[in-house]
Amino acid sequence: MAGNDGGKRKRNFYQDNSKKKFFNQDILLQPGISGFLVTCNFREYDAVKETYKILDEYIDKLADAAALSEGNEADAKDDMEAQLALEVNQLKDAPKQYRQCQTKCKNILFVQALGQLDPIQIANSIFKDIEETGIQKARFAIRLIPVQKTCKASKETVETCVEELLTSLTELPAEVSYKIECKVRNNSDLSRMDLIEVAAVAIKKVRPNWKVDFDNAVITLNLDVLIKVCCVTFLKNFVHFSKYNLIEFSNKIKGVTKEDSAPNLKEKSEIDVIEPEEAEDVGLEEESTV
């Protein structure tokens, strides 16, 4: 079909429109939400599609499990099974319970949880499934880190956010070991040390009996700064789940080392993004202020 200039439409015209389903350019990452922080290596479009597919699978599994549990507790009612089946179908047919937010950071995606969706419950279900089966769930999405809350990336708001989360998370023990993991991306106003110090102050205020343990911590406070927004989460399985790295954890379960997997990846040019994310920042163990 000819355009106004008599020429053919460029091929990219069709490709760009095909990606609108997965890329929402209008919604920016903002404070006050929860969701999933996803990292990838350049193939952001493929990583988004893959993340959506994984979330759909496990949202359906949790909905089915919840319906089955409720049904077992209400066997006395003749119409309960039909009612539960209807509710499950409504959940599956409902609008998406998540949406992508633009981070403006290369290779960093954020998927916002909508409604009552619990990011930690979903993420833990995914990694527990990998632990049981050893099946690699992703090729393009590398990390899938649940985020309990986002806040403005400043020392004052991060300290307040950590305090509020600790106050609301009554299921966390009064005495436990912990450590702080922190990354700052595209923000020159904050340093990792700044955030670690204010977060430690907040923890000491709300949970005075928590003790720092860099080697065998039970709880990890994960802080990820993306330009002007900080993602805050308290995680019990951060180290065990290979810092929520989908690929590394599946290799760990299968007993495959990085050295073993590297030659195989080079032979498969179509899987050119399975390499783990860049090496983790070091130096947290040197912090005496936490």
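Placing dummy labels 7 Å off each Cα toward the beta-carbon, the span from TYR45 to GLU156 is 4.3 nm.
Can you quote the Å³ per residue value for the convex hull of the Cα atoms in the stretch 149-240, rounded to an integer?
84 Å³
Taken over the stretch 149-240, lysine pairs spaced eight or more positions apart, or on distinct chains, with alpha carbons under 19 Å apart number 19.
Just the number, please: Stokes-Einstein D of the stretch 85-200 in µm²/s, Kirkwood Rh from C-alpha pairs, 37 °C, 0.692 mPa s. Estimated diffusion coefficient is 189 µm²/s.
The numbers here are math on the coordinates, done by the rules we state, and not lab data. Just so it is clear, the structure is predicted and the values come from calculations on it, not from any experiment. Cβ atoms come from the backbone with ideal geometry, glycine included; neighbour counts cover every protein chain shown.
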